[in-house]
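Peer 1: Take this structure, written in structure tokens, and hold onto it; I'll ask about it next.
The values are calculated or read from the model by the stated rules, or taken from the named source; none is laboratory data. Just so you know, these numbers come straight off a predicted model, no measurement behind them. Glycine gets a Cβ as well: all are built from the backbone with ideal geometry, and neighbour counts include every protein chain shown.
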Amino acid sequence: MLDITNLSLSYGKQNVLQNLTISLSQGEIGCILGPSGCGKTTLLRAIAGFKSVQEGSISVNGTIVSDAQTEMPVAKRRIGVVFQDFALFPHMTVLKNVAYGLSKLAKSDSLKLAEQAIELVGLNDSKSKYPHELSGGQQQRVAIARAIAPKPDLLLLDEPFSSLDPELRERLSSEIRSIIKQQNITALLITHDQTEAFAMADKIGVLHDHQCQQWGTAYDLYHEPATEFIADFVGEGVFIPVTVVAYENDEESTIEPIEEKRIWLETQLGRFLLPEEYLTSGTFKVGDKAKMLVRPDDLRHQDESVMKARVVGRSFRGAHILYRLSLNENDGLLCLAPSHHDHQIGESFGIHLEVEHVICFPI
Ligand SMILES: Nc1ncnc2c1ncn2[C@@H]1O[C@H](COP(=O)(O)OP(=O)(O)OP(=O)(O)O)[C@@H](O)[C@H]1O
């Protein structure tokens, strides 16, 4: 439904995005995530038709809407846009706001579609109210109803929840996801908020350094980040120093003595097999120093462990406590422990590192 291929966007000589390739199937929700200034809005504007394309192409539902030669007018693209500030008309009722984009249809058809969209977002009782009579969350629902009423091929959402408080943001994002999914709408959301991206999206692309550094599921980004930037930007975690080592005999290992597999990462928290892909790609050789990603949920609270770490910080999160721990010289370890393990700053407890996905980067 959306195919963006080798897209480059710039403002004059300022290059914003280069060689970006992403795609969404019918009914999929994608999200473009990235820090301020990375080019999210520019990308959204190019898809909607407000920004020309220097290289590559954007296709919606099999038709090229933008490339270096083509620029389909905005109104012909069959793309609905939900803006950050809702952009509702203050002097129009909810019903008139939603019906506004349907003015080409016969009045009875436009009202029918508008009413259907209003019902979908649960605002049946507010049809004749004006935007100033609605809460922020309700106004956002009106904006969404207005964008989906014409049944667009693609729905674009520009930081749709950023003006709402965090609790409402979380609730609304999962409600809006259900509506979009129920209607089998293809949608692309842009945000700098990863909680929003995780709650809404089937696929997430992270923009950095003018590139989309990874296009994958939230699970992929969190557990198998393609770059050091993504490892750092998505989720919490720390990097610990490691040394790439080889063991000549298998006394040290319970693993079968396969030559390639006897390369390990030695850390102060134990030794981990260097994954196959790092060997085949030649990223590391024996003797290299590197850094390994440790997520707070990789580091377990384990009373019987001989390795004890001291609590230097703690943040209570209800079911869990996120501990910042100090071990030897390393002050920055993070451990997410069930909150019944209630330790105060200065106390020590046993830890055990269990890394399912070993992610390493050269230093
Ligand atoms: N109209 C413009 N003319 C020139 N440069 C622009 C224009 N709009 C944006 N830029 C520049 O392009 C880059 C990308 O901006 P963009 O607004 O797309 O980023 P963003 O990721 O959406 O940021 P934010 O999250 O802060 O909204 C920035 O360096 C910005 O200064």
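Peer 1: Which one of the conditions (1) within 16 Å of the ligand (Cβ to nearest atom); (2) within 21 Å of Ala87 (Cα to Cα) does Leu172 fail to meet, given that it meets all the rest?
Peer 2: Among (1) within 16 Å of the ligand (Cβ to nearest atom); (2) within 21 Å of Ala87 (Cα to Cα), Leu172 violates only (1).
Peer 1: Turning to a different aspect of this structure: Test Glu277 against the stated conditions and say whether it is loosely packed, with under 15 Cβ neighbours inside 10 Å, modelled with pLDDT under 95, within 23 Å of Val234 (Cα to Cα) and among the charged types (D, E, K, R).
Peer 2: yes
Peer 1: Those residues that are surrounded by fewer than 20 Cβ atoms within 10 Å (Cβ to Cβ), under 15 Å from Thr21 (Cβ atoms) and not β-branched (Val, Ile, Thr), I need them from the range 55-80; list them, please.
Peer 2: Glu55, Ser57, Ser59, Asp67
Peer 1: May I pose another question? Any idea how many residues of the range 195-212 are away from the ligand (no atom under 13 Å from the Cβ), crowded, with 19+ Cβ neighbours inside 10 Å and more than 25 Å from Arg78 (Cα to Cα)?
Peer 2: 2
Peer 1: To continue, here is another question. Which one of Phe316, Phe239 is modelled with pLDDT of 90 or more and either in contact with a His (Cβ under 8 Å, 6 or more places away or on another chain) or surrounded by fewer than 17 Cβ atoms within 10 Å (Cβ to Cβ) (or both)?
Peer 2: It is Phe316.
Peer 1: Name every residue in the range 280-306 that is surrounded by 15 or more Cβ atoms within 10 Å (Cβ to Cβ) and either aliphatic (A, V, I, L, M) or under 22 Å from Val234 (Cβ atoms) (or both), in order of residue number.
Peer 2: Thr283, Ala290, Lys291, Met292, Leu293, Val294, Arg295, Pro296, Asp297, Asp298, Leu299
Peer 1: Additional query: Pick from Ser8, Ser25, Ser36: which is among the hydroxyl-bearing types (Ser, Thr, Tyr) and in contact with a strand residue (DSSP E or B) (Cβ under 6 Å, 6 or more places away or on another chain)?
Peer 2: Among Ser8, Ser25, Ser36, only Ser8 is among the hydroxyl-bearing types (Ser, Thr, Tyr) and in contact with a strand residue (DSSP E or B) (Cβ under 6 Å, 6 or more places away or on another chain).
Peer 1: Let me ask something else. Applying the selection to the range 50-69, what residues are in contact with a Lys or Arg (Cβ under 8 Å, 6 or more places away or on another chain) and more than 16 Å from the ligand (Cβ to nearest atom)?
Peer 2: Within the range 50-69, Val60, Asn61, Val65 meet the criteria.
Peer 1: Can you tell me which of Ser315, Ser305, Ser281 is in contact (Cβ under 8 Å) with a residue 24 or more places away in the chain and polar (S, T, N, Q)?
Peer 2: Ser305
Table: residues versus (1) surrounded by fewer than 19 Cβ atoms within 10 Å (Cβ to Cβ); (2) closer than 15 Å to Pro90 by Cβ.
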position: Ala117; (1), (2): no, no
position: Asn124; (1), (2): yes, no
position: Lys129; (1), (2): yes, yes
position: His132; (1), (2): yes, yes
position: Gly136; (1), (2): yes, yes
position: Arg141; (1), (2): no, no
position: Ala147; (1), (2): no, no
position: Lys151; (1), (2): yes, no
position: Phe161; (1), (2): no, no
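Peer 1: Within the range 4-19, track down each residue that is near the ligand (Cβ under 10 Å from one of its atoms) and surrounded by 15 or more Cβ atoms within 10 Å (Cβ to Cβ).
Peer 2: Result: Leu9, Ser10, Val16, Leu17.
Peer 1: Then there's this: Looking at (1) at pLDDT below 95; (2) in a strand (DSSP E or B); (3) of a type in the set (S, T, N, Q); (4) farther than 15 Å from Pro241 by Cα, which is the one condition that is false for Thr283?
Peer 2: (2)
Peer 1: Across the range 305-334, what is the total count of residues that are assigned to a loop (DSSP other than H, G, I, E, B), more than 17 Å from Val242 (Cβ to Cβ) and touching a strand residue (DSSP E or B) at 6+ places or on another chain (Cβ under 6 Å)?
Peer 2: Within the range 305-334, residues that are assigned to a loop (DSSP other than H, G, I, E, B), more than 17 Å from Val242 (Cβ to Cβ) and touching a strand residue (DSSP E or B) at 6+ places or on another chain (Cβ under 6 Å) number 1.
Peer 1: Can you name the residue in the range 20-49 that is surrounded by fewer than 16 Cβ atoms within 10 Å (Cβ to Cβ) and modelled with pLDDT of 95 or more and, of all such residues, is nearest to the ligand (Cβ to nearest atom)?
Peer 2: Applying the filter and picking the extreme gives Thr21.
Peer 1: Okay, moving on. Taking the range 181-193 as the search range and keeping residues that are within 13 Å of the ligand (Cβ to nearest atom) and of a type outside the set (A, V, I, L, M), which one is surrounded by the fewest Cβ atoms within 10 Å (Cβ to Cβ)?
Peer 2: This residue is Asp193.
Peer 1: Tell me, please, whether a residue that is modelled with pLDDT under 90, in contact with a His (Cβ under 7 Å, 6 or more places away or on another chain) and in the same structural domain as Val245 (by the TED database) can be found in the range 338-359.
Peer 2: For the range 338-359, residues modelled with pLDDT under 90, in contact with a His (Cβ under 7 Å, 6 or more places away or on another chain) and in the same structural domain as Val245 (by the TED database): present.
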